[in-house]
Amino acid sequence: KEALGLYLTRHPLDDYRDVIGGLSPWDTRSLAEAGADALVALPGIATQVLLRPTRKDPSRKMAKFRIEDLWGSIGAIIFPGTLERMGLTVANDLVGVFRGRISLTQNDEAEMIVDQITPFGAREELQLDGTLEIRLAADTAQSELVLIQEILRRHSGTALVRFLYPRADGRFSAVRA
């Protein structure tokens, strides 16, 4: 990754690929829809971390880095007060859910002002609170839909459920349940 800018083996988020959508409805592809000042939670990995002293008080540190997910990356910043309050060392390859506000830079690029980081724990301990997305095949039988319905009723929760139905043009239509 350091030499080529891409992972030759596996992306660190590969183990979480099927649950990332349940951690947050946001990813780097959808952040443009959020707009400036939107509060978002973005599962990802910290890369290109630079801890540096502030101009006003060199004894205080701030962090500039990128949050990378499976689809892209966004610039991020943590101000000194937040960094001190978090009590968390921000370092390269920190995997977690980054919560904060979207801000536009002078170049009209989105960046995230991070207020909180929740590091990923073991996969089975992750608290899902996003949207459960069920992508159906074109040939999904009625009996399979009934089975999915029964499972969802037995294991109801607070997450939204969204069914993605394939269309003739190869794209998907979404229906919330």
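Just to verify a result, which residue in the stretch 89-110, among those that are without any contact (Cβ under 8 Å) to a residue 60 or more places away in the chain and more than 24 Å from Asp14 (Cα to Cα), is nearest to the chain's Cα centre (by Cα)?
Among residues in the stretch 89-110 that are without any contact (Cβ under 8 Å) to a residue 60 or more places away in the chain and more than 24 Å from Asp14 (Cα to Cα), the one nearest to the chain's Cα centre (by Cα) is Glu109.
For the stretch 138-147, indicate whether the set of residues that are modelled with pLDDT under 90, under 23 Å from Ile20 (Cα atoms) and small (Gly, Ala, Ser) is non-empty.
Checked the stretch 138-147: no residue is modelled with pLDDT under 90, under 23 Å from Ile20 (Cα atoms) and small (Gly, Ala, Ser).
Go through the stretch 131-159 and report how many residues are part of a loop (DSSP other than H, G, I, E, B) and open to solvent by less than 90 Å² (accessible area, probe 1.4 Å).
Of the residues in that region, 6 qualify.
Leu128 versus (1) over 15 Å from the mean Cα position of the chain (by Cα); (2) open to solvent by 70 Å² or more (accessible area, probe 1.4 Å); (3) at pLDDT below 70: which is the lone unmet condition?
(1)
Any residue in the stretch 4-25 that's modelled with pLDDT of 75 or more: show its pairings with residues that are part of a loop (DSSP other than H, G, I, E, B) and among the charged types (D, E, K, R) at Cβ separation under 6 Å, as long as the two are six or more apart or on different chains.
Filtered contacts from the stretch 4-25: no entries.
The values are calculated or read from the model by the stated rules, or taken from the named source; none is laboratory data. Remember, predicted model here, so these are calculated numbers, not experimental data. Because the Cβ atoms are built from the backbone with ideal geometry, glycine has one as well, and the counts that use them run over all protein chains shown. Side chains are part of the model used for accessible areas, which takes the heavy atoms of the whole protein and leaves out ligands, DNA and RNA. Shrake-Rupley method; radii C 1.70, N 1.55, O 1.52, S 1.80 Å.
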